[in-house]
Structure formats: C-alpha cells, structure tokens
1. Given (1) in contact with a Phe, Trp or Tyr (Cβ under 7 Å, 6 or more places away or on another chain); (2) not assigned by TED's automatic domain parsing to the domain that holds I266, identify the lone condition not met by W365.
2. Of everything in the stretch 283-313, what is among the charged types (D, E, K, R) and under 16 Å from L241 (Cβ atoms)? Give them in sequence order.
3. Can you name every residue in the stretch 75-85 that is in contact with an Asp or Glu (Cβ under 8 Å, 6 or more places away or on another chain) and crowded, with 17+ Cβ neighbours inside 10 Å?
4. So for the stretch 3-12 (the condition being within 16 Å of ligand 2 (Cβ to nearest atom), within 16 Å of L151 (Cβ to Cβ) and either modelled with pLDDT of 95 or more or buried (at least 21 other Cβ atoms within 10 Å of the Cβ) (or both)), does at least one residue qualify?
5. Does the stretch 319-328 include one or more residues that are outside any loop (DSSP other than H, G, I, E, B), within 30 Å of S207 (Cβ to Cβ) and aliphatic (A, V, I, L, M)?
6. Given the structure, is T79 more than 13 Å from ligand 1 (Cβ to nearest atom) and either part of a strand (DSSP E or B) or touching a residue at least 60 places away in the same chain (Cβ under 8 Å) (or both)?
7. From the set of residues in the stretch 338-363 that are modelled with pLDDT under 95 and among the charged types (D, E, K, R), which is farthest from the chain's Cα centre (by Cα)?
8. Under 9 Å by Cβ, and 6 or more places apart or on different chains, what pairs join a residue from the stretch 264-292 that is at positive phi with one that is surrounded by fewer than 18 Cβ atoms within 10 Å (Cβ to Cβ)?
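The values are calculated or read from the model by the stated rules, or taken from the named source; none is laboratory data. It should be emphasised that the depicted structure is a prediction, and the values quoted were computed from it without experimental measurement. When we count neighbours, we look across all protein chains shown, and the Cβ atoms used for this are built from the backbone with ideal geometry, even at glycine.
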Amino acid sequence: MTKLDPTGHLAPYGVMAAAQTAHLFAALAQKGGTARYVGGIVRDALLARDLVDVDIACDLKPEISMAALEAAGIRVIPTGLQHGTITAIINDYSYEITTLRVDVTTDGRHADVAFTDNWLLDAKRRDFTFNAFYCDPDGTIYDPFDGETDLRAGRVRFIGVAEDRIAEDYLRILRFFRFFAHFGRPPLDAIGAEACRKGAAGLRDISSERIRDEMFKLLRAPRPAATIGDMVGFSVLPVILPELKNIPRLRIVEWLETTALADPAITIDPLRRMAALFASDKTGNDGIAHAAQFARSLRLSNDEIERFSLMTASFRLIDNVMDGKRIRRHLYHLGADAFRDAVIMAWADRAAMAGRPVPGENARWQDMLAVAQDWQAPQLPVKGRDILKAQLVPPGPMMGQLLRLAEEYWLENDMAPDHTALMAYMAEHIADHISTQKHTNPTQETK
Ligand code: ATP
Ligand code: MG
C-alpha cells in the first residue's frame, strides 16, 4: 500500500488558510508532486492551538521541490538535503518540507535514509502515533495509526516496537517525555516508559545540542514538573543531567509563572525553570562554577550561562523580611530582571523546603516583585571625572576605591545623598579610607 486512506477533516485556519501557503502548495503541485501537512502542525490544528512551524511531507525529491519553489519566487534554504529536508521562508513563517523517506540504517543517533513515494512507509518511520498525521491543503486528514484517539486520551504511544524505535534514535526517549509534558494525561504509557528506562544509557551518545533543545521544549510546557519527576523515576534524567533534580522547587516556579502571578513580566521561562531544577552539592563560588560548567556543557550562549549561574546563587541573598532599603540595594546591583529571577527562586526554594507555599509569606514576596515592576535604575550621582575635577585623588586605582566608598554610603542611605553630599562625603573620608588603608575593602568598613 503506497496510499493512505482519508480518516477525517479539519477546517484550515491561521497559516494553513493563508494565501502564501496556497501559493507554496501550488508551486509543488506544478511539478506533479503531492504535498501534505505533517506532524506538529496537524496535531496542533486538531487541538485548535496556535500554529507556528509548518511541517510538510512531499513525494518530490528535495532538489525538485527546491527548484519548484524558487521558480515561484519563494526563498528556500537547503537545511538538510541528505535527509530530504529544505526550508522555505515566506514572511514570518518557515515551512520545513521533507521528502517521503525511510530510515535504512540507524545507529541510535543518525539515520541513512532512502527516499520513497510510499506514504505509509514515511508514516512508520515517525516516532509517535499522533506525530504521523497528514493533512491535505483542503483539510483532509490521514491518520494511519489512530493517533487522534491517543491524542484525545493524552497517550504518547510509539509507532511500532518502542524498544526498537528507541534504539534507532535515543533522542526519542526525551521526545516521549516532552510530548507527554505537553499533551499527556497520566498514566504514562507503561510500555513506552519502560522502554525509555531500558534505553536511557543510549542518551549518553546524543549531542548536547539536541538534548538541550529537547529539554527546553519540555520545559516550555505549562506544568512540566510531574513529567520531570517521571524522567527521574524512570532513570532517564540521572543518566544525562543528574544535577536536574530539585523537582519541588520547579513545581513552585511553574505555579508562580502560570498561576499565581499576574505580572506580565513573569511568563514561562525554560532557563529559569532549569535553574530551579538544578541542585549542586557544591556551595559558594564552587557552586556557581559548577552551575556555569553545567550550562556550558549544554552549549548555552554566554548570556544564558551567565544568567543561569547567577540564578542558582543570587536567590540566597534574598529573603522575605528584607526592608525597602535592602530590596532597593539588591535591585540596584542585580537590575530588575535578575532581581525578579532571584525573588522567584528564593520564593520557590523556601516554599519547596516548607513543602508548599507559606500562605502568610506570599504577599511579602509579591510586594518585592511589585517594587521591581516600577523600578527605574538610579545612577550613582558622582562619576570618576567628578573626582578628577575636584582633584580628590590622583588618577589611578584610588579613584575606584573612592567611588565604591561613595556608592556604599549612598546605598546605606537609600540612594538619598545627592551629588553635593557625596562629594563632601568623599572629601571628608579620603584620609580614613583610601590613602592609609589601601588594602581594606570599604564595603565591610561601613557595615
Ligand atoms: P514541534 O515542531 O512542536 O516541536 P513536531 O512534532 O512538529 O513538534 P518536529 O521536530 O518539528 O516535531 O518534527 C516534525 C515531525 O517529524 C514529527 O512530528 C515526527 O513525525 C517527525 N520526527 C521528528 N523527529 C523525529 C525523531 N527523532 N524520530 C522520529 N520522528 C521524528
Ligand atoms: Mg514541527
């Protein structure tokens, strides 16, 4: 059987109903090809979700599809020619078009593929029953493995023998849990979950980039903590990322992000969720170094590495009995975004320790976030050049020391002292703090 029988119909909407999409399908049809939506977009359409990425399966060879699209004035990128994948870009949408194919040989990470015109074979090489939907441009659905029943029941089920499918590509273990976090309803499919447990060691050979991308997609699910708990329970996460284990803390962060807080600046944030999950047996600077090394091993960007390691440490400076002055001091040092992260982490850490959010404390945490909402970063009203102009000290390291002294005085006084007051303060304290005690840390002196 090379053809699939129609099983249903949906009314195209969003990008599926856009003129540009019709133009793309028409270009492929011109060359005699059959092209259909496949995978995520059909799954999401059946659930009436927002449609973002467009995946298309097509029985034309990739070079032919590419020429057809270019001839129609569509920009195309040969993103994975050897696997039959090209990507068309029209306005803000990307269309990933993959030639029907079978995996001929697999080694757990890569596949050598052969192109085919057999739709059922293309369906069989896909991972889960609800990822093997096809849909014509007019909305006719093909569902060869009754994925719709599984989707509606919240069941993530491998196509074929789970263990074999995992051995072909161990990343499917993470995809199993990722799709469960987004679409699943407990219990987990027992056969699939057991196969994941058995195959988990194979994840060690999967590239950090693929693991990172899957983990981030998983952590974007509204409430992923229970699934992460399953990944620990089925000995999957400990094999690759043993540091990700503080599930109680993640549970509170997801509750804050999705339910408890109305602050528009606080939304689902996979990196913050990962920081909530991260638990190191090291403390202080060693703990920060461990967090940075963990983030680096996942090939995160430098900005992400910095934010991640800061989040795993900064929250320890925060508690819910700080007065306004201390709150503003932290806001000044961290900036509003990092302060928000620190408050959320501190709140979650405390609630996780207590076993649940402590009702009497929630309002205090919320007040702290409210301060961040209106925060306009103030500037220390003196600069190095003011010190030079007034000839308080010669150019050089003393200038920095003097500025830090002024800053500390300014923060201790809740940022009230103005330029004149700070100049006077510095002039008065040069002798005590700078010239005679070059090696003392002024911050500690004034406490
Ligand atoms: P999303 O785009 O929301 O992440 P998706 O299901 O579209 O989800 P993609 O990674 O875009 O996932 O892949 C598109 C389709 O390709 C999937 O629906 C599935 O049919 C197939 N697929 C992707 N990765 C694999 C894999 N590792 N093993 C088997 N099939 C896969
Ligand atoms: Mg997709």
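1. (2)
2. Within the stretch 283-313, the subset among the charged types (D, E, K, R) is 286, 296, 299, 303-304, 306-307.
The answer is R296, R299, E304.
3. V76, T85
4. Within the stretch 3-12, the first condition is being within 16 Å of ligand 2 (Cβ to nearest atom), and the residues that meet it are none.
The answer is no, given that none of the residues of the stretch 3-12 is within 16 Å of ligand 2 (Cβ to nearest atom), within 16 Å of L151 (Cβ to Cβ) and either modelled with pLDDT of 95 or more or buried (at least 21 other Cβ atoms within 10 Å of the Cβ) (or both).
5. Step one: filter the stretch 319-328 for residues outside any loop (DSSP other than H, G, I, E, B), giving 324-328.
After this cut, where a residue has to be within 30 Å of S207 (Cβ to Cβ) as well, the list is none.
No, that holds for no residue.
6. On the way: more than 13 Å from ligand 1 (Cβ to nearest atom): no; either part of a strand (DSSP E or B) or touching a residue at least 60 places away in the same chain (Cβ under 8 Å) (or both): yes.
Answer is no for this residue.
7. Here the residue is E361.
8. No pair meets every condition.
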